[in-house]
Amino acid sequence: MFGNESSDSESIESDTELQRAFESGHLKPGLNVEVAPKQHINNVAGMKHKLEEFKQHLEWIERLDLTVDPSTGVHKAAEEQSDSVADDDFRREMKFYRQAQTTALEGLAKLHKLRIKTRRPEDYFAEMAKSDDHMKKVREKLLERQLAIERSEKAKKLRDLRKYGRKVQQEVLQKRQKEKKEMLDAVKKFRKGQKDKLEFLNSLEPNGTEQKPGQKNGDKKHLQNKRRDFKNKKFGFGGQKKRGKYNSSGSSADVGESFSIAVNQKRQSQKTGKKHKPGKPRRPGKSRRQKLKNRQR
Amino acid sequence: MGKRKRTRVTEKVSEKENVNKDIDILPAIVYSDEPPKKQTKWTNKERVLIFSSRGISFRARHLMIDLRTLMPHSKSESKMDRKDKLFVINEMCEMKNCTKCLFFEGKKKQDLYMWASNCPRGPSVKFLVENVHTMSELKMTGNCLKASRPLLSFDPTFDKELHWSLMKELFIQTFSTPNHHPKSQPFFDHVFTFSILDNRIWFRNYQILEEDGSLVEIGPRFVLNPIRLFEGSFGGATLYVNPHYVSPNEHRRALRAKVAKKYINRVHAKKSLETRNVGQSYILDPTDDVFVTISPEEATGVAKNTFYREAD
């Protein structure tokens, strides 16, 4: 009886505890199963024994193992937060790389000390871990990536340039508009009689070479279009195009510069301008020679 | 006995080396017209059986093949049935004359486990393999001889705790190619890196480009998360259990619970809103606002039709 009572009181106490836990939110409604905390075994003595048992006492050359501390010197501070290193891809890989690097350096030095040659000759060919086909693919991929980077950089530069150009153009337009406005204002004032003379006219007249900045290269531009110039010359610019090809008295009389009567209507002898050399007898023409022949008979 | 003698000899050599320290370092290149040395000193006859169970993913299979290509002292075996007991592997190793074993086990077509074991007498470790990248990925640009011996690089953390040093010894015996192994090449052009971060072992394989220490990664890369360390091979008493290990099932469950919580929270919020808004809070006379009108400008929708303003 007595024992029974005590168990009852215990259960009541645990009930109140449970209720308290439920109120505070530690307990969720539903079936609650007690979970025993996981047992984590760490049998140090056993491990020590096992390690001694299966350790091979071989020379270093058989094993080639090295334990190196990559976090020395400058990089030590960075290594302090090892948790962040695990998440940061770049730093993590850098750590591994440095570890491998120190190992390589130390290991090769050690091998050289043992008088073992490490590098293979240039003409030594043996099967590689990766096939030639695979390495070709790797190289292509590398090249492709490099090209992509270059292309994107080029595009970026072009984009920047265009942006800059647009800015400059806008500035020029604004400036031109401002000037125009100023000029119109000045004209207005002049008309109303508030001003005696127009400044921009003065600045233009005395030396005709000076131009407005906006029209600076207007004439030049016009000259630059050679194609237009040529077409204007060929087909004419303005005026009547009809009957343009009729002959007129002027045109029929005009024989052009390349033809001159003085030269082309000359006699042959005059034209050639050959002068008879004094020493040689002149050879007569054919008809004359024949006549001479007949006479001799 | 013979071994001991040999160690003495090497000690003498190293003493001599110390005497004329670094004065004459041999040229590192071996010329091809030298007569090849006969490899008679192959004493360490370690062999590693590398194989897997059925149901591993393609990536795991590639990883396994990569390891086989990088370890000339490895042997292969056909895939094991999932129902076979693991201690059968000990017999397989014995038949194949192997003293070490790397056994890959796929679960649920997504999780990869790896057993590393010293075969007849243990110990053995079970790992969860995470973040597998194989050698055939194009971003790994290095290359090395197929059968050259690797340098093994270990983190100093491996010597700090006993379970790590046990794993280190196991890795050294498994991954180092025996000296003068008939299939091996006598050059040193890659480094296997084991380092501990985040209670996991990260494996990397680098090619030594130049002897001044520039490296390129060859692959494969993977992360080993230790689960349990056993005394025997594929069984026996447990020596160590990793307290930081979370099984992938639990991890996935946590992720799913996180998403599910979003929905549950929303439902709870709705319910609580219902309990808080209890219909009418105060009884009002609906005829009170009969004469409350709005100006025609403020009218919207159908109410526009009821309003009109007379022209002035």
Checklist outcome for this item: Expected output for the stretch A:134-163 (first residue assigned to a helix (DSSP H, G or I), partner modelled with pLDDT under 95, Cβ below 7 Å, 6+ apart or cross-chain) is A:H134/B:S136; A:M135/B:N143; A:K137/B:L138; A:V138/B:L138; A:V138/B:T141; A:K141/B:L138; A:L142/B:T141
Next on the checklist: If I filter the stretch B:154-175 for residues that are assigned to a strand (DSSP E or B) and either more than 7 Å from chain A (Cβ to nearest Cβ) or open to solvent by less than 10 Å² (accessible area, probe 1.4 Å) (or both), do I get at least one hit?
Outcome noted: yes
Checklist outcome for this item: With criteria (1) of a type outside the set (S, T, N, Q); (2) open to solvent by 10 Å² or more (accessible area, probe 1.4 Å); (3) over 24 Å from B:A116 (Cα atoms), B:D198 comes up short on (3)
Checklist entry - Of all residues in the stretch A:121-151, which are at the interface with chain B (Cβ under 9 Å from one of its Cβ atoms) and more than 18 Å from B:I218 (Cα to Cα)? => result A:P121, A:E122, A:D123, A:Y124
Next on the checklist: Going residue by residue through the stretch A:2-14, is there one that turns out to be among the charged types (D, E, K, R), surrounded by 10 or more Cβ atoms within 10 Å (Cβ to Cβ) and at pLDDT 80 or above?
Outcome noted: no
Item to check | Residue that is surrounded by the most Cβ atoms within 10 Å (Cβ to Cβ) [pool: residues in the stretch B:141-153 that are at the interface with chain A (Cβ under 8 Å from one of its Cβ atoms) and part of a loop (DSSP other than H, G, I, E, B)] | outcome: B:R149
Checklist entry - Is there a residue being more than 7 Å from every other protein chain (Cβ to nearest Cβ), touching a Pro at 6+ places or on another chain (Cβ under 7 Å) and more than 17 Å from B:V48 (Cα to Cα) anywhere in the stretch B:183-195? => result yes
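Here is a yes/no grid of residues against (1) at pLDDT 80 or above; (2) surrounded by fewer than 10 Cβ atoms within 10 Å (Cβ to Cβ):
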position	(1), (2)
A:S24	no, yes
A:P29	no, yes
A:H40	yes, no
A:M47	yes, no
A:G73	no, yes
A:K76	no, no
A:S84	no, no
Checklist entry - Any idea which of A:R120, A:R98, A:R145 is more than 22 Å from B:P156 (Cβ to Cβ) and modelled with pLDDT of 90 or more? => result A:R145
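Hey, could you check the stretch B:232-244 for residues that are open to solvent by 40 Å² or more (accessible area, probe 1.4 Å) and in contact (Cβ under 8 Å) with a residue 24 or more places away in the chain and say which is nearest to the chain's Cα centre (by Cα)?
Step one: filter the stretch B:232-244 for residues open to solvent by 40 Å² or more (accessible area, probe 1.4 Å), giving B:236-237, B:243-244.
Filter again for in contact (Cβ under 8 Å) with a residue 24 or more places away in the chain, leaving B:236, B:244.
On the way: B:G236: 24, B:H244: 15 Å.
By that ranking, first place goes to B:H244.
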Next on the checklist: Checking B:L224 against (1) open to solvent by 20 Å² or more (accessible area, probe 1.4 Å); (2) at pLDDT 95 or above: exactly one of these is not met. Which one?
Outcome noted: (1)
Checklist entry - Taking the condition among the basic types (K, R), away from chain A (no Cβ under 14 Å), surrounded by fewer than 20 Cβ atoms within 10 Å (Cβ to Cβ) and in contact (Cβ under 8 Å) with a residue 24 or more places away in the chain, does B:K109 pass? => result yes
Checklist outcome for this item: Scanning the stretch A:91-116 for residues that are within 7 Å of another protein chain (Cβ to nearest Cβ) and either β-branched (V, I, T) or open to solvent by 60 Å² or more (accessible area, probe 1.4 Å) (or both), the one nearest to B:L209 (Cα to Cα) turns out to be A:L105
Checklist entry - Given A:K221, A:K241, A:K195, which one is surrounded by 10 or more Cβ atoms within 10 Å (Cβ to Cβ), in a loop (DSSP other than H, G, I, E, B), at pLDDT below 75 and charged (D, E, K, R)? => result A:K195
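Go through the stretch B:94-140 and give me each residue that's assigned to a loop (DSSP other than H, G, I, E, B) and either among the small types (G, A, S) or in contact with a Pro (Cβ under 9 Å, 6 or more places away or on another chain) (or both). Write out each step before concluding.
Of all residues in the stretch B:94-140, those assigned to a loop (DSSP other than H, G, I, E, B) come to B:96-99, B:108-110, B:119-123, B:134-140.
Hits for the stretch B:94-140 are B:T99, B:K108, B:Q110, B:G122, B:T134, B:M135, B:S136, B:E137, B:M140.
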Checklist entry - Which is among the polar types (S, T, N, Q) and surrounded by 12 or more Cβ atoms within 10 Å (Cβ to Cβ), of A:S131, A:S152? => result A:S131
Checklist entry - Of B:R252, B:R266, B:R256, which residue is open to solvent by less than 100 Å² (accessible area, probe 1.4 Å) and assigned to a helix (DSSP H, G or I)? => result B:R252
Item to check | Sole residue being under 30 Å from A:I61 (Cα atoms) and open to solvent by 100 Å² or more (accessible area, probe 1.4 Å), chosen from A:R139, A:R176, A:R119 | outcome: A:R119
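The values are calculated or read from the model by the stated rules, or taken from the named source; none is laboratory data. This one's a predicted model, so the numbers in the text were calculated from it and none came from an experiment. Heads up, the Cβs are rebuilt from the backbone with ideal geometry, glycines too, and the neighbour counts pull from every protein chain shown. Quick note on the areas: whole protein, heavy atoms, side chains included, nothing else; ligands and nucleic acids left out. Shrake-Rupley method; radii C 1.70, N 1.55, O 1.52, S 1.80 Å.
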